[in-house]
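Undergrad: Take a look at this one; I'll ask things after.
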Amino acid sequence: MKRKFLTFAAAALAFGTLSAGEVLFEETFADAESTAKNWGQAGAAAFSADGFENGGLRIANDNPKGARLLPIRIDAAKVRGKKLKVTSMVRGENVSKPEKPYLGVKAMIYYKAASGDRQWIEHKPKKDGTFGWEEVVTQADIPADAEDVSFQVGLQESSGTVWFDDIKAEIVE
Ligand SMILES: [Ca+2]
């Protein structure tokens, strides 16, 4: 299967507010070192070369009541008052159907605002069971007083395994 080849570009971006169409980052999981830098040690532990164009994340969860989520921080100053879109490639194997529709496979935008408002925004549609690579899109309107923004991938209250690659975050409005 032919897939886009993307490079991580966050480091190349200057500080400041982004405009529509500007890319915050493009993550290809090129190697364990860059994955650890962007996603922390848990990301490095989930790094996998198996079956990927370069590398990707493999996240397994044995406990159907447990969660395994990996976050990448997004600079809140760059996305305040904007519409943030994150596109991810994901596949799954034996993902159990969660009790609630917002649980299960996660490709989720999280924000916390100064007002106290906290939101967890899901990609749609969500799948369970076994499925091949597909592109999923998560989109959120980030409030002007957002102080903490992240994107999180993994499994919550579903057992099974998911793989992630080619994650792109951009400003669309
Ligand atoms: Ca990759």
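The values are calculated or read from the model by the stated rules, or taken from the named source; none is laboratory data. Just so we're clear, the structure is a prediction, and the values are computed from it rather than from any experiment. Positions of Cβ are generated from backbone atoms using ideal geometry, with glycine treated the same way; all protein chains shown enter the neighbour counts.
Undergrad: Just give me the residues in the range 70-122 being of a type in the set (Ser, Thr, Tyr), in a loop (DSSP other than H, G, I, E, B) and either in contact with a Ser or Thr (Cβ under 8 Å, 6 or more places away or on another chain) or at pLDDT below 95 (or both), in sequence order.
TA: Hits for the range 70-122 are Ser96, Tyr102.
Undergrad: Would you mind stating whether Ala44 is within 16 Å of the ligand (Cβ to nearest atom) and of a type outside the set (Ser, Thr, Tyr)?
TA: For Ala44, the condition - within 16 Å of the ligand (Cβ to nearest atom) and of a type outside the set (Ser, Thr, Tyr) - is met.
Undergrad: Could you please find all residues in the range 91-142 being touching a Pro at 6+ places or on another chain (Cβ under 8 Å) and among the basic types (Lys, Arg)?
TA: Of everything in the range 91-142, just one residue is touching a Pro at 6+ places or on another chain (Cβ under 8 Å) and among the basic types (Lys, Arg), namely Lys126.
Undergrad: Regarding Lys85, is this residue over 23 Å from Ala36 (Cβ atoms), charged (D, E, K, R) and surrounded by 14 or more Cβ atoms within 10 Å (Cβ to Cβ)?
TA: yes
Undergrad: Continuing with the same structure: Can you pull out every residue in the range 39-69 that is buried (at least 20 other Cβ atoms within 10 Å of the Cβ) and part of a helix (DSSP H, G or I)?
TA: Trp39, Gly43, Ala46, listed by residue number.
Undergrad: Give me a count of the residues in the range 132-173 that are assigned to a strand (DSSP E or B), β-branched (Val, Ile, Thr) and either at pLDDT below 95 or surrounded by fewer than 19 Cβ atoms within 10 Å (Cβ to Cβ) (or both).
TA: Step one: list which residues in the range 132-173 are assigned to a strand (DSSP E or B), which gives 132-141, 146-156, 160-171.
If we keep only those that are β-branched (Val, Ile, Thr) too, we end up with 136-138, 149, 153, 161-162, 167, 171.
Filter once more, keeping what is either at pLDDT below 95 or surrounded by fewer than 19 Cβ atoms within 10 Å (Cβ to Cβ) (or both): 137, 161.
Count: 2.
Undergrad: Kindly evaluate Asn63 against the criterion of being within 13 Å of the ligand (Cβ to nearest atom) and of a type in the set (S, T, N, Q).
TA: In short, no.
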